[in-house]
Amino acid sequence: MCGIVAYIGHRQAYPVIIKGLKRLEYRGYDSAGVALLNHGVKLYKKKGKVANLEESTLGRDLEAHIGIGHTRWATHGEPSDRNAHPHRSANGKLAMIHNGIIENYASLKQELIKKGYQFLSDTDTEVLLYFIEDIQKNNSSTLEEALRIALKRVVGAYVIVLIDQDNPDTLIAARKGSPLVIGIGKGEHFLASDASPIIEYTKEVVYVNDYEIAIIKPDELILKNLGNERQTPFIQKLDLELAAIEKGGYDHFMLKEIFEQPHTIYDCLRGRLDVAQGTITMSGIRNNMEQIKNANRILIIACGTSWHAGLVAEYVIEELCRIPVEVEYASEFRYRNPIIHKGDMIIAISQSGETADTLVAIERAKEQGAVILGIVNVVGSSISRISHAGAYTHAGPEIGVASTKAFTAQLTVLTMVALMIAKERATISHDRYIHLLNELNEVPEKVKHALENAEHIKAVALKYKDVSDALFLGRGYNFPIALEGALKLKEISYIHAEGYPAAEMKHGPIALVDESLPVVFVATKDTCHEKIISNIQEIKARKGKVIAVITEGDEIITGMADDVLPVPEADELIAPIISTIPLQLFSYYIGVAKGYDVDKPRNLAKSVTVE
Ligand code: AGP
């Protein structure tokens, strides 16, 4: 899940590429590099963030109108200068960047070593480059032909972009599995893993499909398949503003995205929820309602935070629609021989729409006849394109690696989907339906109110910044929120944190409790409230430190807990959207207090495009 950027045109390529890499740094920041073509290939690469690369190129010859750049998330070979991309071919004429994994690289490498090739890095990418070079040499073919032949033998996922000393006016790129967007300018083209490096130059883009090769000149874009047949580029207009990908005065993208939630949830509801009419309109769902409402079973497939959204959706859909729901970790579902019946409905949840585990899992399910509904944030992403239908979450670009606004938007969309199905199946009373529409409509305001508590949440967070472990507990709808709270703390502060159903404590984890362990309860008022109070007493009885997310005015828990994080009252089915807010801020303030880069936590990347 690296970030790739390339440019060809009339501008200086280096500044365009460096700026683009900084925009994509959330995709990986183990090393960065650039290769420029101007009387030969000039290659610069450095371990660490793009800023390190910039520093290392000061005073160097950066003159060029064509170039490729890469920011890395290491898979094969540790983060280092020699494993950084771009890689140069053995004859020095080609340079290549790659995002993805070449699964059969080891056998290809053996073949090449037998032919006398010596490798400078441990990467699968260098192996693929030498493999292409070797085919070109032995077949006296053009680079494009050699690439086509090579890619027919490659197993894995890739976006690759090459520059060639012998073709100084051409970029060549290919895609399978990893994302590639091409921006079309006047006499120039921009290539990137997503639209964020392109938007300030052009809104005209082409999303390259799997098994396509792109041959790009300053004023020409040719797309072909691996059968050498021309493909017609489908040009789309980006609906994205530059401001959306800037920090807007906040210290971090994560904080900006947390505070954007009243707007992003409103954007999610806008044009869909009509309380006055008592309707919810989502055409992607509406057009497939016959299949959806008659589904025997709904399988939700996702990873990470999106999986937690799926878990909340399981509770909501089963409650409202009375359809059995199973929530699957995509990576496990993919390799377990899952039973899929015709008529099974799959809901795939993904912020990036590019998560490889989820992508391959739904491709597999689709092959077996399942209908795929995509709940996705990134417009034009792979999951949105292979789904039969779906709904966008309209949270705008999410740049902080830790997902926040996309999560609350996912919960909002999934709740609307459940209400639409329940109405169609007549499994919900009219009064309850209207009540929940009103509750949904009030969420943006309630989230705004919860955010006004930020300073208090910060003060509580700073009390616990030096702990080494934490437990997050919840019951019912709040259990997945406890899991999400634990994930946020892990991601941002590197504190070992676990989420659990509160009642599960007695079956083991309570052994962990002593005066040094903070236990965060998601304990807003709901049908399990009495039970959660007993669970809090069990922890207090063992001197555990209790921090509780409570419904404003809950005197009982306020009297029991060491610290409380109040949120406005809401129906228990809607409350998860609101009760997650204080946990996002709790993690953020601890991460910042510990001096960590909360937007780019160690070892993580925003979209996991390799299995
Ligand atoms: C969440 O904060 C993480 N970034 C990660 O768990 C993420 O939710 C997961 O990788 C799934 O990503 P997706 O929603 O883009 O598919």
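The values are calculated or read from the model by the stated rules, or taken from the named source; none is laboratory data. As the structure is a prediction and not an experimental result, all values here were calculated from the model. Note that we place each Cβ from the backbone using ideal geometry, even for glycine, and neighbour counts take in every protein chain shown. All accessible areas refer to the heavy atoms of the entire protein, side chains included, with ligands and DNA or RNA removed. Shrake-Rupley method; radii C 1.70, N 1.55, O 1.52, S 1.80 Å.
Of note:
- A count restricted to region 54-81 and to residues that are closer than 17 Å to GLY28 by Cβ and either touching an Asp or Glu at 6+ places or on another chain (Cβ under 8 Å) or polar (S, T, N, Q) (or both) stands at 10.
- Test: residue in region 189-196 that is touching a His at 6+ places or on another chain (Cβ under 7 Å), open to solvent by less than 40 Å² (accessible area, probe 1.4 Å) and within 20 Å of ALA35 (Cα to Cα): no
- Helices (runs of 4 or more DSSP H) wholly inside region 232-327 that include at least 1 residues being touching a Pro at 6+ places or on another chain (Cβ under 8 Å): 261-269, 304-321
- Candidate set from region 298-324 (those that are more than 28 Å from LEU604 (Cβ to Cβ) and surrounded by fewer than 22 Cβ atoms within 10 Å (Cβ to Cβ)); member that is farthest from the ligand (Cβ to nearest atom): ARG322
- Listed by first and then second residue, the pairs with beta-carbon distance under 8 Å, at least 6 apart or on different chains, first residue in region 347-365 and closer than 20 Å to TYR392 by Cβ and touching a residue at least 24 places away in the same chain (Cβ under 8 Å), second acidic (Asp, Glu) and within 9 Å of the ligand (Cβ to nearest atom), are GLN351/GLU398.
- Which numbered condition PHE521 misses (of (1) among the aromatic types (Phe, Trp, Tyr); (2) open to solvent by 10 Å² or more (accessible area, probe 1.4 Å); (3) more than 16 Å from the ligand (Cβ to nearest atom)): (2)
- Condition met for THR609 (within 16 Å of the ligand (Cβ to nearest atom), assigned to a loop (DSSP other than H, G, I, E, B) and either at pLDDT 95 or above or not aliphatic (A, V, I, L, M) (or both)): yes
- So LYS293, is it among the basic types (Lys, Arg), away from the ligand (no atom under 15 Å from the Cβ) and in contact with a Cys (Cβ under 9 Å, 6 or more places away or on another chain): yes
- Selection within region 441-499 - open to solvent by 10 Å² or more (accessible area, probe 1.4 Å), part of a strand (DSSP E or B) and within 16 Å of the ligand (Cβ to nearest atom): GLU498, GLY499
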